[in-house]
Amino acid sequence: MDPKQMVHMNQGQEETSYARNSSIQNAAQNRMKPLIEAAIVDVCSNTSTLSCGKVVIMDLGCSSGPNAVALVSITLEATHSHFLQLQQPPPEVCVLLNDLPYNDFNVVVKSLVPLRKMNEPVVVTGVVPGSFYERLFPGGSLHLICSSNILNWLSKAPRDLMMNQIPAYDIDEHVRRERLTVVAGAYARQFRKDFTLFLELRAKELVPKGRMVVSLAGRRSDELINESSHVWGTVAQILAIMASEYMGLPLKS
Ligand SMILES: C[S@@+](CC[C@H](N)C(=O)[O-])C[C@H]1O[C@@H](n2cnc3c(N)ncnc32)[C@H](O)[C@@H]1O
């Protein structure tokens, strides 16, 4: 398997797991609630959705733990209350969760069980291992795609930096400052390429008039670096040290 498909958040539910260390990401998910609710109303008001009587919802890069089901729970509640208001029975809903194959899907599958009871009569749930930089679904099959905190994961490190062995973050501050424009430019171009591909793939998978709600932390390029950006500098430094230590170790077979 391609090594980049083997990356994953810390598995399980122990102290250092993603499941127990993802409250900041969860806050971002909660901020998406009104957008998801509006998207569900749009999708459910679409005559072709109503006539086929089912809604297929997908979360990309779900990870594991409570956040894995946070967005789809919002969509189920929104669907339920929309049809309650209309005094009509809710449609059949299919909820799918995607992540890379080494994600802790054992934990995810257990959190899917309560969801099945949320939107009776029918909720079908499933997991879809694979990269969102590839096609995951047949054309025209998804009504709503949502995702949070995933688009900062690029498909690969920029090729020109790799070829010249330039790291994203050089521990040497002087070298880092000198290369800042080159490195930032290379990552910006890679992001643009990846995001374009992501949009093209999802456009094929969505039904006509389907909706997509995604969130991504970032700042405008003309915005000054603030205190929280400095925090990311420290995080980058720690990650750079960890990466260099990791590269020095023999890879496990
Ligand atoms: C920071 S976590 C976000 C998890 C969850 N969406 C949240 O908001 O808490 C990013 C997740 O994206 C997944 N991921 C990264 N690249 C991916 C890809 N190309 N395809 C599918 N999942 C990917 C990672 O494995 C990880 O679980």
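The values are calculated or read from the model by the stated rules, or taken from the named source; none is laboratory data. Predicted, not measured: the structure shown is a model, and the values here were computed from it. Here the Cβ positions follow ideal geometry from the backbone for every residue, glycine too, while neighbour counts run over all protein chains shown.
Among (1) within 30 Å of A27 (Cα to Cα); (2) crowded, with 17+ Cβ neighbours inside 10 Å; (3) not polar (S, T, N, Q), where does A184 come up short?
Result: A184 fails condition (2) only.
Can you tell me which of K204, K193 is over 18 Å from Q237 (Cα atoms), out of contact with any Phe, Trp or Tyr (no Cβ under 8 Å at 6 or more places or on another chain) and within 14 Å of the ligand (Cβ to nearest atom)? Break it down stepwise before answering.
On the way: K204 fails: within 14 Å of the ligand (Cβ to nearest atom).
The match here is K193.
For the stretch 21-134, give me every one of the helices (runs of 4 or more DSSP H) that falls completely inside it and has 2 or more residues that are more than 11 Å from the ligand (Cβ to nearest atom) and touching a Pro at 6+ places or on another chain (Cβ under 9 Å). Let's see the steps before the verdict.
On the way: elements: 23-31, 33-45, 47-52, 66-85, 105-118.
Filter on the stretch 21-134 gives 47-52, 66-85.
Considering only the stretch 135-181, state which residues are touching a Leu at 6+ places or on another chain (Cβ under 8 Å), outside any loop (DSSP other than H, G, I, E, B) and either of a type in the set (A, V, I, L, M, F, W, C) or more than 23 Å from S215 (Cα to Cα) (or both).
Across the stretch 135-181, the qualifying residues are L142, I145, C146.
Can you give me the number of residues within the stretch 29-84 that are of a type in the set (S, T, N, Q) and either under 17 Å from T125 (Cβ atoms) or surrounded by 20 or more Cβ atoms within 10 Å (Cβ to Cβ) (or both)? Outline the logic, then answer.
Step one: list which residues in the stretch 29-84 are of a type in the set (S, T, N, Q), which gives 29-30, 45-49, 51, 63-64, 67, 73, 75, 79, 81.
Remaining after also requiring either under 17 Å from T125 (Cβ atoms) or surrounded by 20 or more Cβ atoms within 10 Å (Cβ to Cβ) (or both): 29, 49, 63-64, 67, 73, 75, 79.
Qualifying residue count for the region: 8.
Okay, residues lined up against (1) at pLDDT 95 or above; (2) closer than 17 Å to I74 by Cα:
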position	(1), (2)
L97	yes, yes
N106	no, no
V113	no, yes
R116	no, yes
V124	no, yes
V127	yes, no
Y133	yes, no
L136	yes, no
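For residues that are surrounded by 17 or more Cβ atoms within 10 Å (Cβ to Cβ) and either touching a Pro at 6+ places or on another chain (Cβ under 9 Å) or modelled with pLDDT under 90 (or both), tally how many sit in the stretch 138-166. Explain how you work it out, then say what you get.
Taking the stretch 138-166 as the starting set, the residues that turn out to be surrounded by 17 or more Cβ atoms within 10 Å (Cβ to Cβ) are 142-151, 158, 161.
Now drop any that are not either touching a Pro at 6+ places or on another chain (Cβ under 9 Å) or modelled with pLDDT under 90 (or both), which leaves 161.
Number of matching residues: 1.
Go through the stretch 134-153 and count every residue that is within 21 Å of P91 (Cα to Cα) and aliphatic (A, V, I, L, M).
Looking only at that region, the number is 3.
Restricting attention to the stretch 204-220, which residues are basic (K, R) and more than 24 Å from A78 (Cα to Cα)?
The first filter runs over the stretch 204-220 and keeps only residues basic (K, R), leaving 204, 209, 211, 219-220.
K204, R219, R220 - these are the residues of the stretch 204-220 that are basic (K, R) and more than 24 Å from A78 (Cα to Cα).
Would you confirm whether or not the stretch 198-218 contains a residue that is touching a residue at least 24 places away in the same chain (Cβ under 8 Å), within 30 Å of I241 (Cα to Cα) and surrounded by 18 or more Cβ atoms within 10 Å (Cβ to Cβ)?
Yes, that holds for at least one residue.
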